[in-house]
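The values are calculated or read from the model by the stated rules, or taken from the named source; none is laboratory data. Being a predicted model, the structure only gives us computed values, none of them experimental. Note that each Cβ is placed from the backbone with ideal geometry, even for glycine, and that neighbours are counted across all protein chains shown. Please note that ligands, DNA and RNA were not included when accessible areas were found on the heavy atoms of the full protein model with its side chains. Shrake-Rupley method; radii C 1.70, N 1.55, O 1.52, S 1.80 Å.
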Amino acid sequence: MNKTEKDLYGKWIGTDTGSYGSFTFFPDGYVKVELDGLNIDGRNHIIPDGPNKGKAAHVKYTTDFSKKVVTFSLIATYYDFNNKFEESKF
């Protein structure tokens, strides 16, 4: 059975080494992540601490359906206090 991105949409819940978490994948490419009390709304996440505290961040996902096990990456973006664009891939 061929998987498509539509098969990924929705909330996926699970545990890993005793940690509860979920990923909610949206058709517009954004993702919501909930993990051990951490709640990141990828459409408009306000950074809670650190040097960029208070800045808005966005988290999107990319998927690779070419392998038997589907993989995905999370890409977080924001503008720091120097108005420099930052991007991190997980």
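Screening segment 63-75 for residues that are touching a residue at least 24 places away in the same chain (Cβ under 8 Å) and not in a loop (DSSP other than H, G, I, E, B) and picking the one that is nearest to Asp41 (Cα to Cα) gives Leu74.
Does Asp28 satisfy the criteria of being under 19 Å from Glu87 (Cβ atoms) and acidic (Asp, Glu)? Considered against the rule, which asks whether it is under 19 Å from Glu87 (Cβ atoms) and acidic (Asp, Glu), Asp28 comes out as yes. For segment 30-39, filtering for residues that are loosely packed, with under 10 Cβ neighbours inside 10 Å and in contact with a Phe, Trp or Tyr (Cβ under 9 Å, 6 or more places away or on another chain) leaves 1. Number of residues in segment 1-29 that are among the aromatic types (Phe, Trp, Tyr) and over 16 Å from Thr71 (Cβ atoms) equals 3.
Residue-wise test of (1) within 13 Å of the chain's Cα centre (by Cα); (2) assigned to a strand (DSSP E or B); (3) within 23 Å of Lys84 (Cβ to Cβ); (4) at pLDDT 95 or above.
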| site | (1), (2), (3), (4) |
| --- | --- |
| Lys6 | no, no, no, no |
| Pro48 | no, no, yes, no |
| Lys53 | no, no, yes, no |
| Ala57 | yes, yes, yes, yes |
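Taking the criterion of being in a loop (DSSP other than H, G, I, E, B) and open to solvent by 90 Å² or more (accessible area, probe 1.4 Å), the residues of segment 76-90 that qualify are Phe81, Asn82, Asn83, Lys84, Phe90.
Going residue by residue through segment 9-29, is there one that turns out to be part of a strand (DSSP E or B), open to solvent by less than 50 Å² (accessible area, probe 1.4 Å) and closer than 17 Å to Ser88 by Cβ?
No, segment 9-29 contains no residue that is part of a strand (DSSP E or B), open to solvent by less than 50 Å² (accessible area, probe 1.4 Å) and closer than 17 Å to Ser88 by Cβ.
So which residues in segment 40-72 are among the aromatic types (Phe, Trp, Tyr), open to solvent by 50 Å² or more (accessible area, probe 1.4 Å) and within 17 Å of Lys11 (Cβ to Cβ), if there are any at all? Of everything in segment 40-72, just one residue is among the aromatic types (Phe, Trp, Tyr), open to solvent by 50 Å² or more (accessible area, probe 1.4 Å) and within 17 Å of Lys11 (Cβ to Cβ), namely Phe72.
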